[in-house]
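So the structure is just underneath, and the comments pick up after that.
The values are calculated or read from the model by the stated rules, or taken from the named source; none is laboratory data. Nothing here was measured: the structure is a model prediction, and the numbers come from that model. Cβ sites come from the backbone with ideal geometry, for glycine too, and all protein chains shown count toward neighbours. For accessibility, only protein heavy atoms count, side chains too; no ligands or nucleic acids. Shrake-Rupley method; radii C 1.70, N 1.55, O 1.52, S 1.80 Å.
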Amino acid sequence: MVESVTKYINGHGDAQGDAIISNDLEMMDRIRYEAQVNVDSVISPFNAWQIIRGSVTFPIRMDRINQSALKIAQWLEQRENVTFVSYPGLKSNDSYETAKKQMHHGFGGVISFGLNTDDKTVEHFCAALKVVTFAVSLGHDESLIFPQPSYDERINLYPEKFRKGFIRFSVGLEDADDIIGDLDQALQAVGL
C-alpha cells in the first residue's frame, strides 16, 4: 500500500475513480493534503456516484466493446488502403499470444490503424464519420476517433509504420455493423 500511495502522491498514478482506504490517520492526512494540492485528486460527489452507478453494467459494456472491436479490427485489416491495424486480438499482431494469455475477457476497445494517405485526407476521413465521433478522448461509451498527424513532434516516439496516416480509435457501444458501415462510407467519401 505504501508504494502505491507514494506513486499516487508523487503524481505517477492515475487516480480517477480510485479509492485509498486506511486506518493510518497520519498517512491519510498526508494523502489528503498532498494529493488534493498537487494532483487534483478529488472528484465531485456526482462523478463518484456516476462511477459507482456505472460499475454495475461495466462487464456487459466491456463484453460488447470487446466483441465489436475485434470485428472492426478484422474488417479494417482487410481494407486495401489500410496500411496496418494494431489490435492485440488480431492473430496477425506480434503480441497476440501474450495478449491471449493475459487478457482473458477480451482485448479491449482501442484500435490503432493507418491509412495510406496524407494528413489532410486522414482528417477529412475522420470528419466524414457520422456514427463515430471525431474527438480526442478515449474510453467513452460512444466510439471516438482521432488522427495523430505526421508533423506532431511525438510521432517519432512510435514505430515507423505509425508515422503516416496513424489513427487512434476507441470503440464504443454502437452496433459493430453500424460502425463498420460508417468507416466504409467515410473511406469512400475521401476516395479510399
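Here are the numbers for this structure:
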| read-out | value |
| --- | --- |
| Residue ranges of helices (runs of 4 or more DSSP H) in segment 56-170 with at least 1 members touching a residue at least 40 places away in the same chain (Cβ under 8 Å) and not aromatic (Phe, Trp, Tyr) | 58-77, 119-127 |
| Lys120 vs. criteria closer than 15 Å to Phe166 by Cα, out of contact with any His (no Cβ under 6 Å at 6 or more places or on another chain) and open to solvent by 30 Å² or more (accessible area, probe 1.4 Å) | yes |
| Subset of segment 60-98 [over 15 Å from the mean Cα position of the chain (by Cα), closer than 20 Å to Asp182 by Cβ and open to solvent by less than 60 Å² (accessible area, probe 1.4 Å)] | Trp75, Leu76, Asn81, Val82 |
| Conditions (1) closer than 17 Å to Tyr87 by Cα; (2) open to solvent by 70 Å² or more (accessible area, probe 1.4 Å); (3) not small (Gly, Ala, Ser): number failed by Pro147 | (2) |
| Matching residues, segment 150-184, being under 16 Å from Arg79 (Cβ atoms) and open to solvent by 60 Å² or more (accessible area, probe 1.4 Å) | Lys161, Lys164, Asp177 |
